[in-house]
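Novice: Right, I'll just put the structure down here and ask away after.
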Amino acid sequence: MMQLSQRRCVLFDVDGTIAETEGHAHLPAFNRAFEQIGLAWHWSRDDYHGLLKTAGGFERLVRHAENIGLDPQAMRGQLTLVHQAKNKHYGQIMANGAVPPRQGFADLLLALQGKGIRWGVVSTTSRANWDALWRYALQPLGLPEPSVVVCSEDVTAKKPDPQAYVIALERLGLVAAEACAIEDSRNGLLAAKGAGLDVAIVASEFFGDEQFAEAQQVVDELSELLLNI
Ligand code: XBP
Ligand code: MG
């Protein structure tokens with residue numbers, strides 16, 4: 001069990017942890033972007049499951065090009081346009097209210113707030129995607145603002161590199177033992193562990209089959225972590 005009551009701040013991963021954004025927003029947004037840019041690609045849920053081993057939407061496009069024998073360098077400009085279009089579609093999907101936070105997320109934040117424990121966001125997603133999730137799905141619930149937000153633009157190496165977590169701790173002025181992480185993927189687990197943090201894993205749609213032996217705890221839903229406060 002990962003004790004939360006002893007911490008000064010709990011750091012949350014975004015995609016898959018706070019909300020099931022991958023299947024409900026990123027994947028449909030990618031497919032709309034392929035159509036919009038005129039690229040004859042379409043990703044099924046199975047395709048996306050494999051591609052999610054690569055963190056970062058742009059890096060995922062590069063990986064797919066390589067997988068099907070194309071030269072990603074030669075298509076860089078086109079892939080950049082697809083990624084920009086994908087994030088626009090993601091924002092629209094969020095604005096339509098399609099993706100609520102996961103079960104127990106709001107209760108967990110309010111319980112942490114009640115104990116004077118802060119919360120933060122550590123993601124390899126683009127900041128605009130975090131802003132859309134906050135604005136359309138979280139802020140309307142009256143949730144407390146995060147004390148730190150680290151997104152892909154803040155780092156030079158994405159998860160599983162620990163950099164995003166190291167930066168979050170630096171900005172908070174905390175050492176690893178004063179914080180902990182909640183993640184849903186092996187890449188996220190390795191990133192948080194690499195920064196010296198204890199980690200609880202919440203099983204998500206796409207990563208439930210990964211290996212989480214290094215985690216302090218694995219739960220099906222965030223609501224189970226209310227017992228840890
Ligand atoms: C999950 C990701 C993200 C999104 C795509 O990050 O891998 O890259 O799938 O976002 P996390 P971008 O779970 O750490 O939040 O297209 O903005 O890269
Ligand atoms: Mg995640």
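The values are calculated or read from the model by the stated rules, or taken from the named source; none is laboratory data. Note that the structure is a prediction, hence the values are computed from the model and not measured. Note that we place each Cβ from the backbone using ideal geometry, even for glycine, and neighbour counts take in every protein chain shown. For accessibility, only protein heavy atoms count, side chains too; no ligands or nucleic acids. Shrake-Rupley method; radii C 1.70, N 1.55, O 1.52, S 1.80 Å.
Novice: How large is the accessible surface per residue of the chain, computed with a 1.4 Å probe and reported in Å² as a whole number?
Specialist: Normalised by residue count, the accessible surface of the chain is 43 Å².
Novice: Mean-square fluctuation check for the chain, GNM, Cα pairs under 10 Å: which of A128, A192, A40 is largest?
Specialist: Largest GNM mean-square fluctuation: A40.
Novice: How much accessible area does M1 have with a 1.4 Å probe, in Å² rounded to the nearest 10?
Specialist: Only protein atoms counted, so the area is about 130 Å².
Novice: Let me check the size of region 131-229 from its C-alpha atoms; what are the radius of gyration and Dmax in Å?
Specialist: Over region 131-229's Cα set, Rg and Dmax evaluate to 13.9, 36 Å.
Novice: Ordering L109, L227 by accessible area with a probe of 1.4 Å, largest first, what comes out?
Specialist: Largest accessible area first, the residues go L227, L109.
Novice: Another question, if that's okay. Give the accessible area for V149 in Å² (nearest 10); use a 1.4 Å probe, count only protein heavy atoms, and leave out ligands, DNA and RNA.
Specialist: Counting only protein heavy atoms, the figure is 30 Å².
Novice: If eta is 1.306 mPa s and T is 10 °C, what Stokes-Einstein diffusion coefficient results for region 73-114, Kirkwood Rh from Cα pairs, in µm²/s?
Specialist: 121 µm²/s
Novice: Let me ask you something else. So for the pair A106, Q92, with labels modelled 7 Å out along Cα→Cβ, what separation do we get in nm?
Specialist: For A106 paired with Q92, the spin-label model returns 2.7 nm.
Novice: Per DSSP H run of n ≥ 4, the term is -39500 (n - 2.57); total these for the chain, divide by its residue number, and report the mean residue ellipticity at 222 nm rounded to 500 deg cm²/dmol.
Specialist: It comes out at -11000 deg cm²/dmol, rounded to the nearest 500.
Novice: Based on the alpha carbons, how large is the Rg to Rh ratio for region 152-206 when Rh follows Kirkwood?
Specialist: Here the Rg-to-Rh quotient is 0.97.
Novice: Name the most mobile residue of G91, G188, G69, meaning the one with the largest mean-square fluctuation, in a Gaussian network model of the chain with Cα contacts below 10 Å.
Specialist: G69
Novice: Where does each of D107, D47 land when they are ordered by accessible area, with a 1.4 Å probe and the largest first?
Specialist: Descending order: D107, D47.
Novice: To the nearest 10 square angstrom, what accessible area does E20 show with a 1.4 Å probe?
Specialist: 30 Å²
Novice: OK, next. If you take every DSSP beta bridge whose two residues both sit in the chain, what share of them, in percent to the nearest 5, is antiparallel?
Specialist: Rounded to the nearest five, the antiparallel share is 5 percent.
Novice: Once you treat every alpha carbon in the chain as an equal point and sum by Debye, what is log10 I(q)/I(0) at q = 0.09, 0.14 Å⁻¹?
Specialist: Computed log10 I(q)/I(0) values: -0.35, -0.85.
Novice: Follow-up. So how do R135, R186, R45, R127 rank on accessible area, 1.4 Å probe, biggest first, that is with the largest at the start?
Specialist: Final ranking, largest accessible area leading: R135, R45, R127, R186.
Novice: Would you be so kind as to identify which of T17, G56, L226 lies farthest towards the positive end of the dipole of the chain, taking Lys and Arg as +1 and Asp and Glu as -1 on Cβ and the Cα centre as origin?
Specialist: Farthest towards the positive pole: G56.
Novice: At q = 0.28, 0.35 Å⁻¹, work out log10 I(q)/I(0) for region 90-129 with the Debye formula, treating every Cα as an identical point scatterer and leaving solvent out; two decimals please.
Specialist: Rounded to two decimals, the profile gives -0.99, -1.06.
Novice: Related question: Using every alpha carbon pair in region 24-98, what percent of pairs falls into each 10 Å bin from 0 up to the bin containing the largest distance?
Specialist: 20, 57, 22, 2
Novice: On the protein heavy atoms, probe 1.4 angstrom, tell me the percent of accessible surface of the chain carried by carbon and sulfur.
Specialist: Carbon-and-sulfur percentage of accessible area, whole number: 48.
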